[in-house]
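Colleague: Supplied in structure tokens, the structure appears directly below.
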Amino acid sequence: MRIRLQLCFCLISAAPALAGGDAAGGRSVRPAIRRGAIDPVHHAVTTLRMTLQQIRAIQSELGVRLPAEVERSAGRLQQALGKTPQAFLDAVKQELAVSARGLRELGDAFQRKPLEDYLLHRQLSDRDKMLYAAATAATQHLRQRVGPALGQAAAQHRASASRVTVLHEYSVAGINARLRPDRPTVDLDVHLVRGSGVTWSMIRQELALARRTYAPYGIQLRLRSARKLRVPEDWLELRTQQPSKMPDPKLLAADPYRYLQQMETRLTPISTEVFAAIVEGVPSADRALQIVSLRRGSFPWPENGQLMEVDARADSFPPYVWTSTLPRRLRGLIGLFPFRHPSGELRPAIELGMLAHEIGHKLINVSHEGRAGGPEHESFKGGSRDLMVYGFGLEVPAGARGRWQQERLLLSPLLYTGKGKGKVYNADFEQNGKYDDPLYGPYYVTY
Ligand SMILES: [Zn+2]
């Protein structure tokens, strides 16, 4: 078989979601800080902002997702914070409108006597008074609705983790013996699930090939841990993700990276639960590649105006697609899903070079592209030497003609030098790893 990955779907989808709205010419909602005492408007808006940040941090730490309704509400408020005061007020009213109690709180906060006196004393404008009341009410509203939801999600998460049994821990010490601390290195944790069809010898072979692939660029792969796991039978075959939106199909050809982002793909609830449970307890999981094997990982993909279920044989959940929609603890996730073929035939569990290619999606942060062209021409290019197009190539090209792949590779936030407590990581993404994240400076292609 010549084609490595007919549908490795290391590509696909993502969501900008909570990254914050563009001000679009409006004023920032953050009011000027007045001289002297604490400004109440500033205080209230800051509290709201911090509440949102705390929610995100807790979610990320637990690797859990809130109920969709709460998630959307928090997302809209977050976006509105960066827009005009009027847009912010409108958003707050809209979010609070979901419950009569919320509306009452808004009214109460505005009318409350001591508050009113204070605001009069401060000679705030009506707009600022309203902003203060709105931010105060929105903060309470979020705490009341999100707190219990987070608690519930955390309990569910703990219950899920207990369904994973470690059957065996492989020894990795000898495998890393020749690594040097002065070279850029990426850590890998391997989670082999029994019944998935991927074996330890396949992983060793793929790891060796991946090491040879990245060595010419000075990059080392360190196998930090490898375990064989037993998970519930109904976790072995999953629909891993689904798009939230269907962008204009013309955009796929015009600007594929923007198209993928506009799909706002998210993990399904079951896959969120499964992947979070599998990486449970892994230290600093967000700084290392998490290789997880399952038997099947499918997802819907638009073809000819319809969503068709696609069986990915591997999925790198790459930053250029997922940006902020993948829980932080899962941002190193690479799935190997060997058994099914779109036509229903069985196929080899792993084809040569597949792991190196998936790692490329993660570290280089590009789709299927290379010297032969951009991902808009994505197809099998016979004889290509490039790692990131279909075929047997294992080279990472440099410069504009190579679409800056080597340059991007060396900037990956997952790379570090040093060891133990002396590890120093590359700088992190500034905008969640979108294709043209500012981290890459000039190393991206504009459409
Ligand atoms: Zn791929």
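No value in this document is a laboratory result; all are computed from the given coordinates. Since the model is a prediction, treat every value here as computed from it, not as a measurement. Note: ideal-geometry Cβ built from the backbone for every residue, glycine included; neighbour counts use all protein chains shown.
Colleague: So if we plug the beta-carbon distance of S201 and E69 into 1/(1 + (r/R0)^6) with R0 = 60 Å, what FRET efficiency do we get, rounded to 0.05?
Modeller: Approximately 0.80, to the nearest 0.05.
Colleague: Separate question: Taking 7 Å along the Cα-to-C-beta vector as the label spot, tell me the K93-T417 distance in nanometres, rounded to one decimal.
Modeller: In this crude spin-label approximation the distance works out to 5.7 nm.
Colleague: Kirkwood hydrodynamic radius, computed over distinct alpha-carbon pairs, for region 166-440: how many Å, to one decimal?
Modeller: Radius from the Kirkwood sum: 19.1 Å.
Colleague: Next question. For region 216-257, what ratio Rg/Rh do Cα atoms give with a Kirkwood hydrodynamic radius?
Modeller: 1.22
Colleague: Give the peptides 354-366, 319-331 in descending order of average Cβ contacts within 10 Å, highest first.
Modeller: Most protected by this proxy first, the peptides run 354-366, 319-331.
Colleague: Could I ask something else about it? Tell me which residues come under 5 Å, amide H to amide H, from I334 once H is placed; ignore anything under 5 positions away on its chain.
Modeller: Distant-sequence amide H within range of I334: Q290, I291, V292.
Colleague: Can you work out the FRET efficiency for the pair Q53 and R385, with r the C-beta to C-beta distance and R0 = 56 Å, to the nearest 0.05?
Modeller: With a Förster radius of 56 Å, E is 0.80.
Colleague: Moving to a separate point now. Pull out the extension gain between N304 and R183, defined as 0.36 nm times the separation in residues minus the alpha carbon to alpha carbon distance; nm, one decimal.
Modeller: 38.9 nm
Colleague: What is the spin-label model distance, in nm, from R143 to S244 if the labels are put 7 Å beyond Cα along the C-beta direction?
Modeller: The answer from the label model is 2.6 nm.
Colleague: Right, another one. Less than 11 Å Cβ to Cβ from Y443, Lys/Arg counted +1 and Asp/Glu -1: what total charge do the surrounding residues give?
Modeller: For residues surrounding Y443, the net value is -1.
Colleague: Quick one: pull the percentage of alpha-carbon pairs in region 254-312 with a separation above 18 Å.
Modeller: Of the Cα pairs, 53 percent sit more than 18 Å apart.
Colleague: Now for a different question. So, by mean Cβ neighbours within 10 angstrom, what's the order for 132-141, 197-206, 413-422 with the highest one leading?
Modeller: So the order, starting with the most tightly packed, is 132-141, 197-206, 413-422.
Colleague: Between L251 and A155, how many nm apart are label points set 7 Å from Cα along the C-beta direction?
Modeller: 4.0 nm
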